Amino acid sequence: MLSYIMWDVSPEIFTIPEIAGFGPFPVRWYGLLFAAGFLIGQQIMIYIFKKEGKSLEDIDSLTLYMVLSIVIGARVGHFLFYEPEVLFKNPLEVILPPYAGLASHGAVIGTVTGLWLYARSRRGTGQTFFWVTDRLTITFALGGSFIRFGNLMNSEIVGKPSDAPWAFIFRHNIEFTQIPRHPAQLYESITCFILTFVLFAIWNKYKAATPRGLMVGVFLVWVFTLRFLFEFLKENQEAFEANYALNMGQILSIPAVLLGLYFIVQSRRNPAELAS
């Protein structure tokens, strides 16, 4: 009787053949799940905008802000936190394919910047920074779940060796030994998926009266507390992390958790949704 799961899934779904000298183009699970996160997230925001009487014409602009800020932030964050020498020697690597390397902490920074710019462009509509950010956390949690599942399909960000009966052997990962390991990507994917429903329940309870910053706080505390803990079950992504008591993901998670706690406390002190 097997005491582990053999994970032998190809990262590619199919390949589009070469056409007129261009290609071939592999279609990967990761890219499909990444795009699905944005598309489903957009539908969630349409539902929220309708319920709270906001203009649906702003949805396309909001989506564009989010796509650009998340992708750029995640790419810059990867190089800044994990490969700074590449960022400073050849900054074009950030925008040139292949797009391997996306840092969730960089995505958070990019998202905050993009939402601040979006809120400034929508002054007078009631779409303040926290009004938008609180509600978008629902889509962020769902997107995070899809992305981590994409990491599983890529057999990347693998866990440390484990004798648990649900441990995976990642046949397509050649970086680490082919032994049973924690499916750490799946742990994060499942917990983010649960968070999606928790955040939606909070919004559904309060809607327009959602305490400012509450959902942002819950999101940050939930995601980055679990990220800190799950990192103990993961192999380090970069060699330099072996010299630290905590890896880079854990170090960057600490201020995110503290900021989340601050937002939760502030939301309880000022429960009414504020317009500024």
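The values are calculated or read from the model by the stated rules, or taken from the named source; none is laboratory data. Remember, predicted model here, so these are calculated numbers, not experimental data. With ideal geometry, Cβ positions are generated from the backbone for all residues, glycine too; neighbour counts draw on all protein chains shown. The protein model used for the area step is the full one, side chains on, heavy atoms only, and it has no ligands, DNA or RNA in it. Shrake-Rupley method; radii C 1.70, N 1.55, O 1.52, S 1.80 Å.
Please verify whether the stretch 56-71 includes one or more residues that are in contact with a His (Cβ under 8 Å, 6 or more places away or on another chain), of a type in the set (A, V, I, L, M, F, W, C) and either at pLDDT below 90 or outside any helix (DSSP H, G or I) (or both). Among the residues of the stretch 56-71, not one is in contact with a His (Cβ under 8 Å, 6 or more places away or on another chain), of a type in the set (A, V, I, L, M, F, W, C) and either at pLDDT below 90 or outside any helix (DSSP H, G or I) (or both), which makes the answer no. The set of residues in the stretch 89-124 that are under 28 Å from PHE228 (Cα atoms), modelled with pLDDT of 70 or more and not small (Gly, Ala, Ser) comprises HIS105, VAL108, ILE109, THR111, VAL112, THR113, LEU115, TRP116.
Being more than 21 Å from ALA107 (Cα to Cα) and either among the aliphatic types (A, V, I, L, M) or touching a strand residue (DSSP E or B) at 6+ places or on another chain (Cβ under 8 Å) (or both) is the requirement here; does GLN266 meet it? For GLN266, the condition - more than 21 Å from ALA107 (Cα to Cα) and either among the aliphatic types (A, V, I, L, M) or touching a strand residue (DSSP E or B) at 6+ places or on another chain (Cβ under 8 Å) (or both) - is not met.
Can you confirm whether the stretch 113-120 contains a residue that is β-branched (Val, Ile, Thr), assigned to a helix (DSSP H, G or I) and surrounded by fewer than 22 Cβ atoms within 10 Å (Cβ to Cβ)? Yes, because at least one residue in the stretch 113-120 is β-branched (Val, Ile, Thr), assigned to a helix (DSSP H, G or I) and surrounded by fewer than 22 Cβ atoms within 10 Å (Cβ to Cβ).
Residue-level analysis places SER253 among those that are in a helix (DSSP H, G or I), out of contact with any Pro (no Cβ under 6 Å at 6 or more places or on another chain) and closer than 20 Å to THR111 by Cβ.
May I ask you to verify whether ARG181 is touching a strand residue (DSSP E or B) at 6+ places or on another chain (Cβ under 9 Å), open to solvent by 60 Å² or more (accessible area, probe 1.4 Å) and modelled with pLDDT of 95 or more? Spelling it out, it is not the case that ARG181 is touching a strand residue (DSSP E or B) at 6+ places or on another chain (Cβ under 9 Å), open to solvent by 60 Å² or more (accessible area, probe 1.4 Å) and modelled with pLDDT of 95 or more.
Within the stretch 5-28, being touching a residue at least 60 places away in the same chain (Cβ under 8 Å), in contact with a strand residue (DSSP E or B) (Cβ under 6 Å, 6 or more places away or on another chain) and not β-branched (Val, Ile, Thr) holds for MET6, TRP7, PRO11, ARG28. When every residue of the stretch 150-171 is checked against the conditions, at least one turns out to be of a type outside the set (Ser, Thr, Tyr) and closer than 23 Å to ILE44 by Cα. Only residues that are surrounded by fewer than 16 Cβ atoms within 10 Å (Cβ to Cβ), in contact (Cβ under 8 Å) with a residue 12 or more places away in the chain and polar (S, T, N, Q) were counted across the stretch 193-250, and they come to 0. Is there a residue being on the phi > 0 side of the Ramachandran plot and free of Cβ contacts under 8 Å to residues at least 12 places away in the same chain anywhere in the stretch 56-72? For the stretch 56-72, residues on the phi > 0 side of the Ramachandran plot and free of Cβ contacts under 8 Å to residues at least 12 places away in the same chain: absent.
For the stretch 31-51, filtering for residues that are open to solvent by 30 Å² or more (accessible area, probe 1.4 Å) and either of a type in the set (S, T, N, Q) or farther than 25 Å from ALA103 by Cα (or both) leaves 6.
The residues of the stretch 52-74 that are over 14 Å from the mean Cα position of the chain (by Cα) and open to solvent by less than 50 Å² (accessible area, probe 1.4 Å), listed by number, are GLU52, LYS54, ASP58, ILE59, SER61, LEU62, THR63.
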